[in-house]
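Colleague: What follows is a single structure, and I will ask about it in a moment.
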Amino acid sequence: MYLEQEGVLRAVKQGGRGAVTLHITGEDGEVGSYVLSQKDFEQLDLPPVGEVVCSETVEQIRELAGKRDAVRRSLAILERGDTNRKTLMRKLLSRGVLRHHAELAVQEMERRGYLDEESGAYRAVVLCANRKGWGPRKIHAYLVSHGYAGALAAQAIERAREAGEVDFAASRREFILARREAGKTEEQILRALWQAGF
């Protein structure tokens, strides 16, 4: 819980991984808990435990804790797989992160080099073509629907072709052959080709 006003600093606890938890009791008796990095904690000018923390400092603590939480959530999202700026922002907002904290976290992930849209789009092209058997049209639509720019999606598809990572002509032939062997009609095969993005 975050306080909206000044309060009394009740506890400072050193945690693992360089985290510091502050507990501040507001005038109404509600307790706000804030987790900060050790670096952010050291930059604060806090009174001793049992003394009043002014509302400006409480606001500063709230902002630092919100940013730290957004960065932590960003890292957790990125651990699950590639994502881009737009998707990361959407996921953070859907998890209740305030917009300005989410924006700061996305900027931090970019600064650290964790959001590389070109390589993410390229890996998605290779994955969708080779594991899912999709054609270039479906892959392009998939990338655009996941927040990649259309030009970047087209560029990633072309780079994967040029690098020999994908062979859409061979995939198309295999796709047709597999459906013929399964007894599909030419109309069914054409419809399936269209749906697969060839």
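Colleague: Give me the number: length gained by fully extending Val31 to Arg131, i.e. 0.36 nm times residue separation minus the C-alpha to C-alpha distance, one decimal in nm.
Modeller: 30.9 nm
Colleague: For labels at Thr21 and Ala170 in the simple 7 Å Cα→Cβ model, what's the distance in nm?
Modeller: So the label points at Thr21 and Ala170 sit 5.5 nm apart.
Colleague: Follow-up question, since we're still on this one. Taking 7 Å along the Cα-to-C-beta vector as the label spot, tell me the Leu46-Trp194 distance in nanometres, rounded to one decimal.
Modeller: Result: 6.4 nm between the two label points.
Colleague: For Cys54, Cys128, what ranking results if the residue with the fewest other Cβ atoms within 10 Å of its Cβ goes first?
Modeller: Lowest to highest Cβ neighbour count: Cys54, Cys128.
Colleague: Within segment 129-154, list the residues whose amide N lies under 17 Å from a label point set 7 Å along Cα→Cβ of Glu181.
Modeller: What the label zone holds, given the 17 Å backbone N cut-off, is 133.
Colleague: Treating the angle as unsigned and between 0 and 90°, give the value, to the nearest 10°, between the Cα long axis of helix 150-162 and the longest Cα principal axis of the chain.
Modeller: Around 60 degrees separate the two axes.
Colleague: Would you indicate which of [x] 17.0, 52; [y] 15.6, 46; [z] 25.1, 80 is the value of Rg and Dmax of the Cα atoms in Å derived from the coordinates of this structure?
Modeller: [z]
Colleague: On to the next question. At a Förster distance of 41 Å, what's the computed FRET efficiency of Lys13 paired with Arg90, Cβ-Cβ distance as r, to 0.05?
Modeller: E between Lys13 and Arg90, to the nearest 0.05, is 0.75.
Colleague: Can you put Trp134, Trp194 in order of Cβ neighbours within 10 angstrom, beginning with the fewest?
Modeller: Ranked by crowding around the Cβ, least crowded first: Trp194, Trp134.
Colleague: How would you rank Leu22, Leu78, going from fewest to most other Cβ atoms within 10 Å of each one's own Cβ?
Modeller: Leu78, Leu22
Colleague: Assuming R0 = 25 Å, can you tell me the calculated FRET efficiency for the pair Ala76 and Ala141, based on Cβ-Cβ distance, to the nearest 0.05?
Modeller: After rounding, the FRET efficiency stands at 0.35.
Colleague: If you don't mind, there's one more thing I want to ask. Starting from the 7 Å offset along Cα-to-Cβ, what nm value, one decimal, do you get for the label separation of Leu98 and Ala151?
Modeller: Result: 3.5 nm between the two label points.
Rule-based calculations on the coordinates, nothing more; no lab input. On a predicted model such as this, the values are computed, not experimentally measured, just so you know. Glycine also receives a Cβ, built like all others from the backbone with ideal geometry; neighbour counts cover every protein chain displayed.
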